[in-house]
Amino acid sequence: MSAVPVTEIRRCTRCVLPSTFPGVSFDADGLCSMCQEAPPAPEFDKIRGNLRRKLEEVFAAHRGKAEYDVIVAFSGGKDSSYTLMTLARTYGLKCLAVTIDNGFIAEQAQKNLRVVTASLGIDFLLFTPAPVFMNDLYKTSATTAVHTKAALTRASSMCNSCINLINNHMVKLALEKSVPIIAGGYIGGQVPKDSVLMVMDLDVQARFRSEAIKRYVKHFGPDAASYFGISDALVARSPLRKINIVNPMLAFGVTEDRIIEEIATLGWRKTSDTGSNSTNCLLNDLGIAVHYKQHGYNPYVNEIAEQVRTGLMSRAEALEKVQDIPDFARVERQARKIGLDWNEV
Ligand SMILES: [Zn+2]
């Protein structure tokens, strides 16, 4: 595997946040500013316990009232597979698993989508946006400033665009099917801190929607209006006024090894071609390489540092995940597919 080693970089002595990460500073002991503010790792068990109780209240309030209790944004990766398994089995929620096929789902991940939903006995929907739109979306995201600096600390530009499209699709489906809860499989560091439970007020959200759509249309062309927009008519037609958006992984507190062990019982198998930071997407390493070239840090480092800080990953394991950046030769085929020239990045 060819990769560019990241050397001679200063990293936090507790988590692995590098000095190149936006806004970070270090104290005399080499502790980063985020670690200085964070409680010690064992305290996170208590924090997660409180978050779980909050989620359980939401589940109890909505269970059994609609065709589905929850729409799960399901990538076939380890975290959303575990989320789906736990919501269905531990919490007894009627789940609808929904996957967006971005044209880059690894072969093993495609098998995992089928085997996980079949083992759990869950309905499964696959939506494939037009490849011509998706490829252009990725290329534009790699070459244009589409996202805020804060969003870019949590994921690469290419990932951010894709995530926003996925989130929008889930809201549309929730409205169409009157499903009161949408669940994502995001883990700490991938989403803002309060993302374990957010209540989307559809009337309030309408005010922001048109601005966001304009921005996406400007970058990605007129088709972006339907991929990133929700029509007022759909909102008006739906009996829902609020949607609960949950990211249960933030409350579960499970290690990667335990996740993989548990979902293996469903027939889930690890991919071998998606790099060290993804278990489903063949485009992920290109997103990392582009992000590193533009911003000088691995877009996964925030998430990985957060796992260390909260006691879910050892520092050694984390270092292994961030020490290399995929080099361009390894992702050239994917770059060609989206029409991206490395010199344009
Ligand atoms: Zn730190």
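The values are calculated or read from the model by the stated rules, or taken from the named source; none is laboratory data. None of the values given here were measured: they were computed from a predicted structure. Here the Cβ positions follow ideal geometry from the backbone for every residue, glycine too, while neighbour counts run over all protein chains shown.
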In the range 42-64, which residue that is in contact (Cβ under 8 Å) with a residue 60 or more places away in the chain and over 23 Å from the mean Cα position of the chain (by Cα) is nearest to Leu152 (Cα to Cα)? Pro42
Does any residue of the range 28-43 turn out to be away from the ligand (no atom under 16 Å from the Cβ), charged (D, E, K, R) and either buried (at least 16 other Cβ atoms within 10 Å of the Cβ) or under 27 Å from Ile259 (Cα atoms) (or both)? no
Restricting attention to the range 294-345, report how many residues are part of a helix (DSSP H, G or I) and either under 21 Å from the mean Cα position of the chain (by Cα) or touching a residue at least 12 places away in the same chain (Cβ under 8 Å) (or both). 27
Please find, within the range 202-244, the residue that is surrounded by the most Cβ atoms within 10 Å (Cβ to Cβ) out of those that are at pLDDT 95 or above and touching a strand residue (DSSP E or B) at 6+ places or on another chain (Cβ under 9 Å). Ile243
Enumerated helices (runs of 4 or more DSSP H) restricted to the range 121-215, each holding at least 2 residues that are over 17 Å from the mean Cα position of the chain (by Cα) and either under 26 Å from Gln334 (Cβ atoms) or acidic (Asp, Glu) (or both): 131-143
Got at least one residue in the range 261-281 being modelled with pLDDT under 95 and more than 25 Å from Leu312 (Cα to Cα)? no
All but one of (1) in contact (Cβ under 8 Å) with a residue 12 or more places away in the chain; (2) surrounded by fewer than 15 Cβ atoms within 10 Å (Cβ to Cβ) hold for Thr90; which doesn't? (1)
All-but-one check, Glu56 against (1) within 13 Å of the ligand (Cβ to nearest atom); (2) under 21 Å from Val254 (Cα atoms), failing number (1)
Which numbered condition Thr265 misses (of (1) among the hydroxyl-bearing types (Ser, Thr, Tyr); (2) within 20 Å of the chain's Cα centre (by Cα); (3) closer than 20 Å to Leu84 by Cα; (4) surrounded by fewer than 17 Cβ atoms within 10 Å (Cβ to Cβ)): (2)
The conditions are (1) surrounded by fewer than 16 Cβ atoms within 10 Å (Cβ to Cβ); (2) without any contact (Cβ under 8 Å) to a residue 24 or more places away in the chain; (3) within 16 Å of the ligand (Cβ to nearest atom), and Val24 fails exactly one of them. Which is it? (1)
Can you tell me which residue among Ser195, Ser161 is surrounded by fewer than 19 Cβ atoms within 10 Å (Cβ to Cβ) and of a type outside the set (Val, Ile, Thr)? Ser195
Those residues that are within 16 Å of the ligand (Cβ to nearest atom), touching a helix residue (DSSP H, G or I) at 6+ places or on another chain (Cβ under 8 Å) and aliphatic (A, V, I, L, M), I need them from the range 279-329; list them, please. Val301, Ile304, Ala305, Val308, Leu312, Met313, Ala318, Val322
Can you name every residue in the range 224-279 that is of a type in the set (Lys, Arg) and under 27 Å from Ala118 (Cα atoms)? Arg258, Arg269, Lys270
Picking from Arg309, Arg315, the residue that is surrounded by fewer than 19 Cβ atoms within 10 Å (Cβ to Cβ) and charged (D, E, K, R) would be Arg315
